[in-house]
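Contents: one structure, followed by commentary.
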Amino acid sequence: MAEIKIHPSWKDKLEPEFTKPYMAHLRQFLVQEKQKGKVIFPRGDQIFAAFDMTPFDQVKVVILGQDPYHGPGQAHGLCFSVQDGVMFPPSLKNIFKELKSDLGVGSPESGRLSRWAEQGVLLLNSVLSVEQGLAASHQGKGWEEFTDNVIRRLNDEKEGLVFVLWGSYAQKKGAFIDRKKHLVIESPHPSPLSAHRGFFGTKPFSRINGYLESRGKNPIDWSL
């Protein structure tokens, strides 16, 4: 947590969070885990990458994930995204399959979703760190409170956003979003366990772009 790289527009909004007791506990937890020799993903300067790459004023779409990938070389601070040269995890493969079916966009060479982030797609995990090899190992340590506050800020202070909630975890977390002000797209999660129960065929990418265009905003170019 020592090296925080975060866009100034987010720093202004989230500064109060960094002084709250839960964040002090979270910081202490991460320091202790590292002292025990545990490997934490993503690396420290990438934990807040989503906030560095997508300034608050430019957010148009929020895709909500759960926690970072826990394999070496995968997580770099954007949900569902992996670093260049890394095999696509199953959920990401299914996202690309649906993208092809929806908009005809072919499968990219890299699973790095930075290009989406740079166009205003906030790729937000609910929990921003994880121990190598142990999914959900940093849940319940404070990150959820931080990211709830992020969603609340976006919900309250902006209008006409698209919130993409894949799976029951994301849907519960986003239950308070004001659907009169924003478009909320919900479906089963793209993971192989649930994708065939209603993720495929939902056409989220064309629905996002249709909504943005209806509000006079530029659509997202989903090609990578």
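Structural remarks
- Annotation note: of L134, L122, the sole residue that is over 13 Å from the mean Cα position of the chain (by Cα), modelled with pLDDT of 95 or more and aliphatic (A, V, I, L, M) is L134.
- Helices (runs of 4 or more DSSP H) within region 1-96 that include 1 or more residues under 14 Å from the mean Cα position of the chain (by Cα): 49-53
- Test for L154: is it surrounded by 15 or more Cβ atoms within 10 Å (Cβ to Cβ) and either in contact with a helix residue (DSSP H, G or I) (Cβ under 7 Å, 6 or more places away or on another chain) or of a type in the set (K, R) (or both): no
- Close contacts from region 153-166, counting a first residue that is closer than 17 Å to I95 by Cα and a second that is surrounded by 15 or more Cβ atoms within 10 Å (Cβ to Cβ) and charged (D, E, K, R), with Cβ to Cβ under 6 Å and a gap of 6+ residues or different chains, come to L165/E186.
- Among the residues making up region 174-212, those that are part of a helix (DSSP H, G or I) and surrounded by fewer than 19 Cβ atoms within 10 Å (Cβ to Cβ) are H196, R197, S206, R207, G210.
- Selection of region 21-69 for residues being of a type in the set (K, R) and in contact (Cβ under 8 Å) with a residue 40 or more places away in the chain yields K38, K60.
- Residues located in region 31-45, provided they are open to solvent by less than 80 Å² (accessible area, probe 1.4 Å) and out of contact with any Lys or Arg (no Cβ under 8 Å at 6 or more places or on another chain): V31, E33, G37, K38, V39, F41, P42, G44
- K11 vs. criteria charged (D, E, K, R), within 20 Å of Q58 (Cα to Cα) and open to solvent by 20 Å² or more (accessible area, probe 1.4 Å): yes
- Boolean, V105 is closer than 21 Å to F51 by Cα and open to solvent by less than 40 Å² (accessible area, probe 1.4 Å): no
- Filter result for M53 (modelled with pLDDT of 95 or more and either within 27 Å of P219 (Cα to Cα) or not hydrophobic (A, V, I, L, M, F, W, C) (or both)): yes
- Contact map, region 198-224: residues that are within 18 Å of L113 (Cβ to Cβ) paired with residues that are basic (K, R) and open to solvent by 40 Å² or more (accessible area, probe 1.4 Å), Cβ distance under 6 Å, separation 6+ or inter-chain. Pairs shown: L224/R115.
The values are calculated or read from the model by the stated rules, or taken from the named source; none is laboratory data. Model, not experiment: these values are computed from the prediction. Reconstructed Cβ throughout: ideal geometry from the backbone, glycine too, with neighbour counts over all protein chains shown. Just the protein is used for accessible areas: all its heavy atoms, side chains included, with ligands, DNA and RNA removed. Shrake-Rupley method; radii C 1.70, N 1.55, O 1.52, S 1.80 Å.
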